[in-house]
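Note sheet for the following structure.
The values are calculated or read from the model by the stated rules, or taken from the named source; none is laboratory data. The model shown is predicted, which means the values in this text are computed figures rather than measured ones. Neighbour counts are summed over all protein chains in view; Cβ atoms, including those assigned to glycine, are modelled from backbone coordinates with ideal geometry.
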Amino acid sequence: MARYCPQCGQPTRRREDGGRERDACPACGWVQYAEIGVGVGALILRDERALLVERGIPPVGRWTLPGGWIEQEDTLATAIVREVQEETGLRCNPVGVICLRSIPRPARNDLYVCLLCTVDPLAEPSADGSETRQARFIAPEEFDRIDLSPFSRYVIEHYLRERPRPWLLQEDRRLLEAYPGAAIFAPF
Ligand SMILES: [Zn+2]
């Protein structure tokens, strides 16, 4: 629901668009489509172990890949760098996308994007002690002994087994000049 237009500030009105009633701006034409939350998670490996964090906020004690939600001004790349830094203290470099998960939810459609990232091989992770209680590299043999998110486990185990080439962060200068500020990922 949007009472005011985020582009120009005018009060919105309901109108039909694409087969359903939506909030829309009579002044500038802005239309409220789906509410979508995009989450990012980082797969960061060291010696066949994956960097995991133990949550200090609900669900407390659950281990997951480090990550978080993207903000309005983010790309997937800026979001994952910030979220990994906050949760583990490590500065990561996004390499590419390895997995997507799309879940329809009534309040906010949930899209989660998993990125393969690298970190300085000598840097040690450290949790902030509140949002994350622990941050460390964990081997798959330990997964049965921690409360690991099923999705994180799925991504880690499949990646380690199959080593797929990620959808790489594109560096083509002409493409990036056409889309300033964009982070673009593709399988080529
Ligand atoms: Zn408007």
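A few comments on the model shown:
- Residue match in the range 72-89 (condition: free of Cβ contacts under 8 Å to residues at least 12 places away in the same chain and over 27 Å from residue 134 (Cα atoms)): yes
- Counted residues, the range 15-32 - those being away from the ligand (no atom under 12 Å from the Cβ) and exposed (fewer than 11 other Cβ atoms within 10 Å of the Cβ): 5
- Any hit, the range 5-12, residues being away from the ligand (no atom under 13 Å from the Cβ) and in a loop (DSSP other than H, G, I, E, B): no
- Residue in the range 140-157 that is at pLDDT 95 or above, among the β-branched types (Val, Ile, Thr), assigned to a strand (DSSP E or B) and in contact with a strand residue (DSSP E or B) (Cβ under 6 Å, 6 or more places away or on another chain) present: no
- In the range 82-113, the residues that are under 19 Å from residue 72 (Cβ atoms), touching a Ser or Thr at 6+ places or on another chain (Cβ under 9 Å) and outside any strand (DSSP E or B): 86
- Scanning the range 94-107 for residues that are surrounded by fewer than 17 Cβ atoms within 10 Å (Cβ to Cβ), touching a residue at least 24 places away in the same chain (Cβ under 8 Å) and under 25 Å from residue 143 (Cα atoms) turns up just one, 101.
- Check on residue 63, without any contact (Cβ under 8 Å) to a residue 60 or more places away in the chain, within 29 Å of residue 161 (Cα to Cα), among the aromatic types (Phe, Trp, Tyr) and away from the ligand (no atom under 15 Å from the Cβ): no
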